[in-house]
1. List the residue pairs whose Cβ atoms are under 9 Å apart, where the first residue sits in region 51-62 and is under 11 Å from Thr15 (Cα atoms) and in the same structural domain as Arg20 (by TED's automatic domain parsing), the second is hydrophobic (A, V, I, L, M, F, W, C) and assigned to a strand (DSSP E or B), and the two are 6 or more positions apart or on different chains.
2. Tell me, please, whether a residue that is under 29 Å from Leu281 (Cα atoms) and surrounded by 15 or more Cβ atoms within 10 Å (Cβ to Cβ) can be found in region 166-183.
3. Every residue in region 169-207 that is under 28 Å from the mean Cα position of the chain (by Cα) and part of a strand (DSSP E or B), please.
4. Search region 1-43 for residues being within 47 Å of the chain's Cα centre (by Cα) and not in a helix (DSSP H, G or I), and hand back the single one that is surrounded by the fewest Cβ atoms within 10 Å (Cβ to Cβ).
5. Quick one: is Val242 assigned by TED's automatic domain parsing to the domain that holds Asp142 and touching a Ser or Thr at 6+ places or on another chain (Cβ under 9 Å)?
6. Looking at (1) in contact (Cβ under 8 Å) with a residue 60 or more places away in the chain; (2) surrounded by fewer than 21 Cβ atoms within 10 Å (Cβ to Cβ); (3) within 16 Å of Glu164 (Cα to Cα); (4) in the same structural domain as Ile104 (by TED's automatic domain parsing), which one does Asp286 not meet, given that it meets all the others?
7. So if I check each of Glu256, Glu202, Glu236, Glu277, which one is over 16 Å from Arg172 (Cα atoms) and not assigned by TED's automatic domain parsing to the domain that holds Gly100?
Amino acid sequence: MTLVQLRHLIKLAETGSFRRAAELSFLTQPAFSRSIKALEDELGHRLFDRRGWRSEPTPFGEEVLDRARRLVQEADHLKEDARRVQEGMTGTIRLGLGSGPGAILTLPLLRHMATHHPRAHLELARANTGLLTLALRERRLDALVIDARSLPPAEDIEVQAVAELRGAFLCRPDHPLTQRTGPLPFGDLLAYPLASTPLSDEIGRLLVERYGPKAHLEHCVTLRSEEIAALVAVAEVTDTVVLTTRAAAPSLVELELRPALQANARFALVTLSGRSEPPLLPLLKDLIAGWLKS
């Protein structure tokens, strides 16, 4: 049996007339009759009796009719739900955010979904790249937004570049270092606490190339946390200098160094190869790309 046959069954019960039901179904009467007859043959029982010019459900037909209405209604609801998911109105997306993307994207994502897609389900996870990648492989997350520099190459992972954000050494506007004129040597920063998230080996090598052995991450970074927002909050009220993307700390000011840092965070959307993406993901992908590039 098919949903089309069940719809024909319901239409015949509503009209009591093969002719009228066929018209409403945009079929000829013989074609409509064949549909009902095929359903009766499959079930092995008559579904309608003729009472003069009307056709009325048999007792068994009434039972079939009740279940047919439920099945058709459920199918209609399923189709509507699929449409709403496709349009981003409903559905679930589980997104993992690295420390830098998390600082920039968490609030805009939550605000946008609450305002424009109140029936959709957004779950955000914040952790280091290793834990987020494990959750992606275990299918506990649907996608990640992380700094691609921190992700080792892997055949089962797809990486789509989203944006490059400039990195900088940042501090509060009235920090003692802001009173100095001209570019600062890196050594001047070491008189103060230096904070960062865990950084990739590539960034570590770049710092040593730019500023020498004293810029080795294990020696110069005194405050380290996955939560860049917490580090920024500390820098707002202390003499701490933070190494992060400029966009992650709009309340802080950038320190000019000699030589210039010239390091970018390469934010990327990461998914599992061969896995169908949730319908909400393209929507979030466009939003995230717009926010990071603005």
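1. That search, which allows pairs on different chains as well, returns Ser55/Phe48; Glu56/Phe48.
2. Yes, some residue in region 166-183 is under 29 Å from Leu281 (Cα atoms) and surrounded by 15 or more Cβ atoms within 10 Å (Cβ to Cβ).
3. Ser196
4. Phe26
5. Here the answer is no, as Val242 does not meet what is asked.
6. (1)
7. Answer to the selection: Glu202.
Residues are listed down the side, and each one gets a yes or a no for (1) β-branched (Val, Ile, Thr); (2) at pLDDT below 90; (3) in contact with an Asp or Glu (Cβ under 9 Å, 6 or more places away or on another chain):
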residue	(1), (2), (3)
Glu256	no, no, no
Gln262	no, yes, no
Val270	yes, no, yes
Gly274	no, yes, yes
Pro279	no, yes, yes
Pro282	no, yes, no
Leu287	no, yes, no
Gly290	no, yes, no
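The values are calculated or read from the model by the stated rules, or taken from the named source; none is laboratory data. Predicted, not measured: the structure shown is a model, and the values here were computed from it. Please note: Cβ atoms are built from the backbone with ideal geometry, for glycine as well, and neighbour counts cover all protein chains shown.
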